[in-house]
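Peer 1: Once you've had a glance at the structure underneath, I'll fire off some questions.
The values are calculated or read from the model by the stated rules, or taken from the named source; none is laboratory data. The shown structure was predicted, so the numbers you read here are calculated from the model rather than taken from an experiment. Cβ atoms come from the backbone with ideal geometry, glycine included; neighbour counts cover every protein chain shown. With ligands, DNA and RNA removed, areas are computed over all heavy atoms of the protein, side chains included. Shrake-Rupley method; radii C 1.70, N 1.55, O 1.52, S 1.80 Å.
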Amino acid sequence: MAETLTGKVQVFDSEEELAVSLAKYTADLSEKFCKERDAFTVVVSGGSLIKSLRKLVEPPYIDSIDWSKWHVFWVDERVVPKDHPDSNYLLAYDAFLSKIPIPAGHVYAINDALSAEGAADDYETCLKHLVKSNVVDISKESGFPRFDVMLLGMGPDGHVASLFPGHPLVHEKEKWVTFIKDSPKPPLDRITFTFPVINSSANIALVVAGAGKADVVHQSLGDSKSSDLLPVQMVSPEGELVWFLDKAAASKL
């Protein structure tokens, strides 16, 4: 594992090996926080990241993790019905949530009956309630919620969550959750955590696989001289950042 200014970097020979390591990373954090806090708050994104979590529902993790203490959130969500093919909730439900004995009340999907703005406000209200009830930690440094781990993917353009290059939302400093109605990538309406929340995390895993993302990985971790920061380069948690890359994604480093 290499250490860089932007976190620890692990490169795996295949996406399969990456998925095995990501499962162990997540399970180890689950054990740690369940002992420390009697709860484990996990934030996931959509896309290929969900596929990389598949090993969690296989032995030994399916039987050894205390799923009753997990609380699952989405760093961003498309404002579509939960059964819509574009729903990040549906993607995660089909891939792993339906296969683990997590209490239904510990899975925090958006209210898909609301507008993008309404859904963002509702999700932020939910988070504030969970902070008050000590399910979600609060950062003593920033005053924003401090999740135990965020498992983030990255788009080929360097976006994370629904924070896109050049979009004003990357500079939002006050809100916990906000909305976007002009996403450069469809569907247009989304909600997203803001960078103050993302960067208050105790741990972040950035999971990137595939040759199509090699240029952005090089710009983020290599010797690129670009002066324009991509959203992925703005990920800088209070805690630990670990990059999980397969060889294809790391091919230009």
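Peer 1: Can you tell me the relative contact order of the chain? Whole percent, Cα pairs under 8 Å, sequence separation 6 or more.
Peer 2: The value is 23 percent.
Peer 1: OK, next. Would you rank Lys173, Lys35 by solvent-accessible area, highest first, keeping every protein chain in place and using a 1.4 Å probe?
Peer 2: Most to least solvent-accessible, the answer reads Lys35, Lys173.
Peer 1: With charges set only on the Cβ (+1 for Lys and Arg, -1 for Asp and Glu), what does the dipole of segment 51-118 come to about its Cα centre, in debye to the nearest 20?
Peer 2: Result for segment 51-118 is approximately 240 debye, rounded to the nearest 20.
Peer 1: Okay, next question. What figure, in Å² to the nearest 10, do you get for the accessible area of Leu169 with a 1.4 Å probe and non-protein molecules left out?
Peer 2: Answer for Leu169: close to 20 Å² accessible.
Peer 1: Give me the number: length gained by fully extending Ser142 to Ala211, i.e. 0.36 nm times residue separation minus the C-alpha to C-alpha distance, one decimal in nm. Please list the in-between numbers first.
Peer 2: Details: separation 69, 0.36 × 69 = 24.84 nm, distance 3.59 nm.
Additional length available on full extension: 21.3 nm.
Peer 1: What ranking of Arg78, Arg146 comes out by heavy-atom accessible area, probe 1.4 Å, highest first? Mind dumping the intermediate values first?
Peer 2: On the way: Arg78 40, Arg146 65 Å².
So, going from the largest accessible area down, we get Arg146, Arg78.
Peer 1: Sticking with this one: In units of 2.2 N^0.38 Å, what is the alpha-carbon radius of gyration of segment 45-153? Could you put the intermediate results ahead of the total?
Peer 2: Working: Rg = 14.4 Å, N = 109, 2.2 N^0.38 = 13.1 Å.
Its radius of gyration relative to the 2.2 N^0.38 Å reference: 1.10.
Peer 1: Sticking with this structure for a sec: Convert each backbone phi in segment 125-136 into a coupling constant with the Karplus relation 6.51 cos²θ - 1.76 cosθ + 1.60 (shift: θ = phi - 60°), then list the ³J(HN,Hα) values in order as whole Hz, x for Gly and Pro.
Peer 2: Once θ is set to phi - 60°, the couplings for segment 125-136 become 4, 4, 5, 5, 5, 6, 5, 4, 8, 6, 6, 9 Hz.
Peer 1: Next question, about the same structure. At a probe size of 1.4 Å, how large is the accessible area of His159, to the nearest 10 Å²?
Peer 2: Roll a 1.4 Å probe over it and His159 shows about 20 Å².
Peer 1: Then there is this: Mind checking the log10 I(q)/I(0) for segment 13-64 at q = 0.14, 0.20, 0.21 Å⁻¹? Debye, one equal scatterer per Cα, no solvent, two decimals.
Peer 2: Result of the Debye calculation: -0.38, -0.74, -0.80.
Peer 1: Once the Cα gyration tensor of segment 164-209 is diagonalised, what are the square roots of 5 times its eigenvalues, in whole Å and ordered largest first, as equivalent ellipsoid semi-axes?
Peer 2: 19, 15, 9
Peer 1: Further question: For segment 97-184, I need the span (max minus min coordinate) of the C-alpha atoms along each principal axis, in Å, sorted largest to smallest.
Peer 2: 37, 35, 26
Peer 1: May I pose another question? Nothing charged except the Cβ atoms of Lys and Arg (+1) and of Asp and Glu (-1): what's the magnitude of the dipole of segment 147-253 about its Cα centre? Round to the nearest 20 debye. Write down the numbers at each step before the final one.
Peer 2: Numbers: 9 positive and 12 negative charges, 44 e Å.
The calculation lands at about 220 debye.
Peer 1: Report the Rg/Rh value for the chain, based on alpha-carbon coordinates and the Kirkwood definition of Rh.
Peer 2: Computed over Cα atoms, the ratio is 0.93.
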